[in-house]
Structure formats: C-alpha cells, structure tokens
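Have a look at the structure below before the remarks.
The values are calculated or read from the model by the stated rules, or taken from the named source; none is laboratory data. Every value quoted in this text rests on a predicted model; they were computed, and no experiment measured them. Heads up, the Cβs are rebuilt from the backbone with ideal geometry, glycines too, and the neighbour counts pull from every protein chain shown. With ligands, DNA and RNA removed, areas are computed over all heavy atoms of the protein, side chains included. Shrake-Rupley method; radii C 1.70, N 1.55, O 1.52, S 1.80 Å.
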Amino acid sequence: MTDQALHPSRSPHAVAQRLLSASAAHSYDPDTEIDWDAPLAADAWFWPPERLTLYGTPLWERMNERQRIELSRHEAAHMAEMGHWFELAIIRLFARYLMARNGLDARAYYALTEMADETRHITMFGRLLTRLDRPPHWVPARVRYPFPLAAALFQDITTFTSALIIEEVLDRLQREAAQDARVQPLVRSVCRLHVSEEARHVSFARAELREAVRLASRGHLARHRTLTALIAAHTVPPLLRPVRYGEVGLPVRTARRQALHNPHHRDTLRWCGEKLVAFLIEVDLIRPAQHHLWRRSGLLA
Ligand SMILES: [Fe+2]
Ligand SMILES: [Fe+2]
C-alpha cells in the first residue's frame with residue numbers, strides 16, 4: 001500500500017490545503033512586525049558565538065570580545081545575504097514548477113503563497129543588511145554563474161530538494177538564534193518571523209518531494225539523486241562559511257583554513273543537516289553512492 005493510501009492527510013493536495021489555511025491565519029509583514037528604527041543593543045552578539053565558524057579555534061582565542069562580536073556581525077550579514085540570493089533562486093524554481101503544471105489547484109495556490117512569503121523575506125533580509133551596515137557578501141561566482149544552466153536540468157525532485165537544503169539548514173540555525181537572549185533583538189525578530197513561515201515551506205517541499213519520488217522512474221530518480229547531491233556539495237559550504245574574513249581584520253587564509261578544519265563548525269554543519277539528511281534517506285534520495293558528495297557538503301558525517 002502506498003504512503004498516501006496509508007496517510008491520506010499527507011497527500012500533496014491535503015498538505016497544500018492545510019498550509020493555505022495556516023498562511024491565511026498566520027502571515028506576517030516584516031515592514032510592520034519588526035521595529036526597524038530601534039537602536040542596536042550595545043555589546044550584544046549578532047549571532048550565537050558557539051555557531052560562528054571560528055569559535056574555539058586558535059584565532060578565536062587571540063581575539064578580544066569586540067572582535068568576536070564584530071565577527072558575529074559579519075557572519076549574520078553573510079547569512080542574510082545568502083538567504084537573500086537563495087530565496088530568489090527558490091522563487092525562480094517555483095515559477096518553473098508552476099509553468100510546467102497543468103491547472104490551478106491548492107498546490108499551485110500554495111506555491112504562489114510561498115513565493116509571496118519569500119518576496120517579503122528577501123526584502124526583510126535586505127533591510128537587515130542595511131541595519132548591519134556590512135558591505136555586500138556576494139554568493140560566490142561558482143554558484144551564481146552556473147545556476148541558470150544547472151536549473152534547466154532541475155525537475156520537481158531537484159527543485160524541492162534544493163528548497164529543503166536551504167530552508168532546513170537555515171531553519172535550524174535561525175530557530176536557535178531567535179531564542180538566544182545574547183543576540184541583538186533585531187536579528188532575533190528577523191529569525192523568529194522567518195522560521196514561523198519557513199516551517200510551512202518545509203512541510204510543502206517534503207510533501208511535494210514524496211510525491212515526485214513516488215512518480216519517478218528508477219532512472220530519473222538515480223539521475224536526480226546525483227544532481228541533488230552535487231547541489232548540496234556546492235551550495236552548503238558557501239551558504240554557511242563566509243570567506244571574507246579580511247573585513248573584520250583577520251588573516252584571510254589562516255581564518256579560512258581554521259574554519260574549514262574547526263571541529264565546532266563541523267559539528268554545527270552536521271547538526272544543521274541532521275533532520276534533512278534523515279528525511280532524504282527515508283525517501284530514498286540519498287544512497288551510499290552519494291555519501292561522498294553529501295560529506296563534502298558537511299551535512300553528513
Ligand atoms: Fe524565506
Ligand atoms: Fe522558504
């Protein structure tokens with residue numbers, strides 16, 4: 001018996017209907033929900049220190065409190081900039097998904113609702129970047145330039161896995177930052193608003209992904225297992241590891257090397273990927289043949 005026959009409430013249509021009701025009841029406008037004019041708190045962290053890429057490294061031990069806080073501002077800005085670009089990418093992939101589908105039903109209406117959420121989030125991340133007063137942290141060229149070409153190969157499996165890679169990884173970090181009393185209230189407000197709406201996006205992507213896998217032929221599934229693993233390997237490291245440490249006065253090569261080999265940072269990556277990897281194994285999208293690529297992403301031990 002299929003998963004849908006066993007759990008009719010998990011069908012993509014039923015999930016989309018539930019999510020449409022939840023969106024109608026709990027959607028937020030960051031322009032009015034967040035106090036953008038409140039002054040930043042003196043001496044507050046911009047991100048939980050234990051989640052910073054250099055936490056616990058020899059460089060970290062040499063930094064004073066002010067430099068560490070400045071690094072947290074740099075890393076929070078990096079995350080906002082990556083969120084900004086990757087959510088634009090999600091909108092583009094969703095537009096393709098909708099244009100390839102026949103008709104307008106709850107699934108299509110929810111996809112449109114999610115695109116509207118992402119539009120507000122992108123604006124919110126932009127406003128946060130302005131308040132953090134950091135120079136733009138561009139998504140690396142090796143991700144930006146191939147994206148339009150690679151996206152031409154994407155179909156539903158890869159579209160929704162890509163969305164989950166970004167959403168589940170950021171969700172884990174932002175959920176924790178939102179609860180952390182040491183973190184700037186502005187950053188916590190942005191994280192709180194984002195995770196509350198992203199929880200719906202994760203449910204939608206998971207339901208759509210189950211359906212796409214159910215309908216896929218063996219060959220199609222095998223190709224998309226490889227494609228999604230390649231995407232994880234190439235997008236997660238730049239998403240979570242800023243490389244422009246020179247902006248906070250650190251020796252760039254040393255900082256990059258120490259971040260790359262930092263056991264705390266490696267643990268953070270694995271923690272970020274825990275739920276996502278378990279789900280992708282469950283739906284048969286990660287097999288041992290893809291483990292080396294998922295390890296390269298840092299999300300798999
Ligand atoms: Fe978002
Ligand atoms: Fe999202």
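A few comments on the model shown:
- In the stretch 200-214 there is no residue matching the filter, namely being assigned to a helix (DSSP H, G or I), open to solvent by 40 Å² or more (accessible area, probe 1.4 Å) and either on the phi > 0 side of the Ramachandran plot or aliphatic (A, V, I, L, M) (or both).
Here is a yes/no grid of residues against (1) crowded, with 18+ Cβ neighbours inside 10 Å; (2) under 18 Å from the mean Cα position of the chain (by Cα); (3) without any contact (Cβ under 8 Å) to a residue 60 or more places away in the chain:
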site: 130; (1), (2), (3): no, no, yes
site: 138; (1), (2), (3): no, yes, yes
site: 143; (1), (2), (3): yes, yes, no
site: 146; (1), (2), (3): no, no, yes
site: 152; (1), (2), (3): no, no, yes
site: 155; (1), (2), (3): no, no, no
site: 181; (1), (2), (3): no, no, yes
site: 186; (1), (2), (3): yes, no, no
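- Failed item, numbered, when residue 78 is tested on (1) touching a helix residue (DSSP H, G or I) at 6+ places or on another chain (Cβ under 7 Å); (2) open to solvent by less than 40 Å² (accessible area, probe 1.4 Å); (3) away from ligand 2 (no atom under 13 Å from the Cβ): (1)
- Residue within the stretch 232-241 that is open to solvent by 40 Å² or more (accessible area, probe 1.4 Å) and part of a helix (DSSP H, G or I) present: yes
- Residue, surrounded by the most Cβ atoms within 10 Å (Cβ to Cβ), within the stretch 242-270, restricted to residues that are outside any helix (DSSP H, G or I) and not small (Gly, Ala, Ser): 242
A quick yes/no check of all residues on (1) within 16 Å of ligand 1 (Cβ to nearest atom); (2) modelled with pLDDT under 90:
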residue	(1), (2)
83	yes, yes
91	yes, no
112	yes, no
121	yes, no
125	yes, no
132	no, no
140	no, yes
153	no, yes
